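Notes follow the structure.
The values are calculated or read from the model by the stated rules, or taken from the named source; none is laboratory data. Not measured: the values here are computed from a predicted model. Quick reminder, even Gly has a Cβ in these numbers, built from the backbone with ideal geometry, and neighbours come from all protein chains shown. Note: accessible area is taken over every heavy atom of the protein model, side chains too, but ligands, DNA and RNA are not part of it. Shrake-Rupley method; radii C 1.70, N 1.55, O 1.52, S 1.80 Å.
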Amino acid sequence: MQASVDDARIDPLAFNPCVAYQCTSDLLLNKISSNAFDLIGIHQETVLETRVLWEEKISSEDRRRLLEQLDRLGSDDTGSAVHKITDDAGLPVWVSHSFRKSKSECHATVFGCMVPLGNEFPATALDVSIISQFIHKIGNHFQLISLLLGSSKRTGTNFDEFETLLDQAVELTRSFSNYLQPPVSAAINLAEILHSAIELMTAACMEKNIVFEHVVEPALGESEIIGDAYLLELAFASILDNAVEATESGNQIILKAMREVEHRTGRAVARIVVQDKGTGMQSDVLVKAADPFFSSKRDRNGLGLSTAVRVIETHGGTLRMTSTPGRGSEVVIVLPLTMSSGGCRR
């Protein structure tokens, strides 16, 4: 969809290669250029006179960084960052975001603009600190193995702890390899991958006496996604495994997968929702839940959910998680499909 000449008469910014906006100091959006849908997939009516742009379209971590910059800005300073926003279809759009704050005696106004970037640009980027964390963790494993081996030789004790540590080191290395692995691009059936992950988790649910309800709508089986079947199955299995781990015997896990079509563009997406009635998470744990190597369980390496997030993002999708202590958690995944509503490749 392209901005029309009439749009340009109403809004001279309609043909600019950026989305311009204006909001109050408490982030209530009162103006946004009419090219917002063309460039970043957000309808004006979705965000105008609300705080949706900042509070729902930008992740909590990116919003925190942006607000910290905004608080530090003087009246003539400009802040900037590269981050994702979520469009109206639920898919990520990478933008270069610049903003400044204008202060008067009565109030302050925030002016900003977002330039969309190619979505493949940052998706596979890796923070070097994550590699440092892996090296530190694997180094600790081998240091302990070395100490145990020396002690065993002196005392003649058994090698059970040695073998356990070695197995943990191998598993950590394998998990980190999956985290780093870029997806192979091939046309695959997402419904088939979901059914495979469901089959893997069904046995675990039966063993723990968990009620596992799952519905994959038939329309999803008629669409394809460009991506890596192994990595996507790994991501779905990790999410379901987390749900099983958090859910007590007799409780319930629900998976729903459906195909949705954006009515103005005909663009199709898959929406996958996993809900559990488990223990839930406190807000401070939820914020860190997808961080590499973070785990609230001593026997976990903290790469399951972070790998799932990375896999979904490298496939052009989003993963959002909400949780309430004592009531359970919900994971919502949105992925782009390659078939239009009429069955034609887009």
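Here are the numbers for the structure shown:
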| read-out | value |
| --- | --- |
| Length added when fully stretched, Glu49-Val285, from 0.36 nm per residue minus Cα-Cα | 81.8 nm |
| Residues whose placed amide H lies under 5 Å from that of Leu337, excluding near-sequence neighbours | Ala268, Val269, Ala270 |
| Gyration tensor verdict on the stretch 167-208 (Cα atoms; rounded if a/c is under 1.5, prolate if a/b is larger than b/c, oblate otherwise) | oblate |
| Descending semi-axes in whole angstrom, ellipsoid equivalent of the stretch 246-301, from the Cα gyration tensor | 31, 17, 10 |
| Cβ-defined net charge surrounding Lys256, 10 Å radius [Lys, Arg +1; Asp, Glu -1] | -1 |
| Mean accessible surface per residue for the stretch 173-245, computed with a 1.4 Å probe while every protein chain stays in place, in Å² | 49 Å² |
| Under 19 Å from Lys84, Cα to Cα: lysines that are on another chain or at least 8 residues apart | Lys57, Lys288 |
| Relative contact order [Cα under 8 Å, 6+ residues apart], the stretch 163-305, whole percent | 23 percent |
| Of all accessible heavy-atom area on the stretch 215-330, the percent that carbon and sulfur account for (1.4 Å) | 48 percent |
| Furthest towards positive pole of dipole, Met206, Ser196, Gly221, structure part the stretch 175-228, Cβ charges | Met206 |
| The stretch 254-346 - accessible surface per residue (Å², probe 1.4 Å) | 48 Å² |
| Globularity ratio of the stretch 156-282, using Cα Rg and 2.2 N^0.38 Å | 1.31 |
| Those aspartates and glutamates that a straight Cα-Cα span of less than 19 Å connects to Lys103, excepting residues fewer than 8 apart in one chain | Asp26, Glu68, Asp71, Asp76, Asp77 |
